1. Using only the alpha carbons, work out the radius of gyration and Dmax of segment 127-249 in angstrom.
2. What is the chain's relative contact order, in percent, from Cα pairs under 8 angstrom and six or more apart in sequence?
3. Taking the Cα atoms only, what angle lies between the long axis of helix 220-234 and the longest principal axis of the chain, rounded to 10 degrees?
4. May I ask for the angle, rounded to the nearest 10°, between helix 184-198 and the longest principal axis of the chain, with both axes built from Cα atoms and the value confined to 0 to 90°?
5. So, in Å, what gap is there between the alpha-carbon centers of segment 148-176 and segment 81-117?
6. Working out 0.36 nm times the residue gap between residue 134 and residue 160, then minus their Cα-Cα distance, what length gain in nm do you get to one decimal?
7. At 222 nm, what helix-only mean residue ellipticity would the chain give, in deg cm²/dmol to the nearest 500, using -39500 (n - 2.57) for each DSSP H run of four or more?
8. Using the count of nearby Cβ atoms within 10 Å as a rough guide to exposure, how do 195, 34 rank from fewest to most?
């Protein structure tokens, strides 16, 4: 089912997620991640959160295909996609700055997670793709977060080319990635330096900056769940069921 681990070093907390299927997310893992973010939000001793995944392969493959295939009714579908809505809303409401360590490829919901970070580090292998439209649904829940970072036109370009990978250079130029490195080792050195310096700043100033960064998103409390309902309906279609089976094989 995967794991979520929190490691606190001084005033920096690292959230590490893992799943054997390319760090994908079943609903239980999404809920655990949401709970951990909410718990760290209330921890006064923490001022910075690093979000990362395990291994050296994919950063995050998005939603669990196995669980998507098991969805049998609208309520189940809507509830599953609401898991990503919960995580994104928890990240935007969190009073701590969230720094993303996007070491490898990100697909679908993984792009949504990267987009919900306040600052992100990546490598030249951190390619991104939104494949949802190819399986009969769409990146509805994560769209507001992705569009906020890269703009509606770039979001459209990704969505309507669901089989094409976008390079880390493209993602950097569009504003999704803040800094890109040749290797994971170089990334980690810079990440440690950056977060150490950032965590030394006035925590009240960091909090106020977080509020500024997410101005105009309060309507996401309802919008993301409306989007989850759309995905919950579409995932029941024969087109999507057949497409998921092909992708799984």
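1. 18.1, 54
2. So the answer I get is 22 percent.
3. Roughly 30 degrees, rounded to the nearest 10.
4. 50 degrees
5. Cα centroid to Cα centroid, the span is 16 Å.
6. Fully extending the segment from residue 134 to residue 160 adds 8.5 nm.
7. That comes out to -15000 deg cm²/dmol.
8. 34, 195
Bear in mind that the values in this text are calculations on the coordinates, not laboratory data. Because the structure is a prediction, the values reported are computed rather than measured. Using ideal geometry, Cβ is built from the backbone for each residue, glycine included, and neighbour counts are taken over all protein chains shown.
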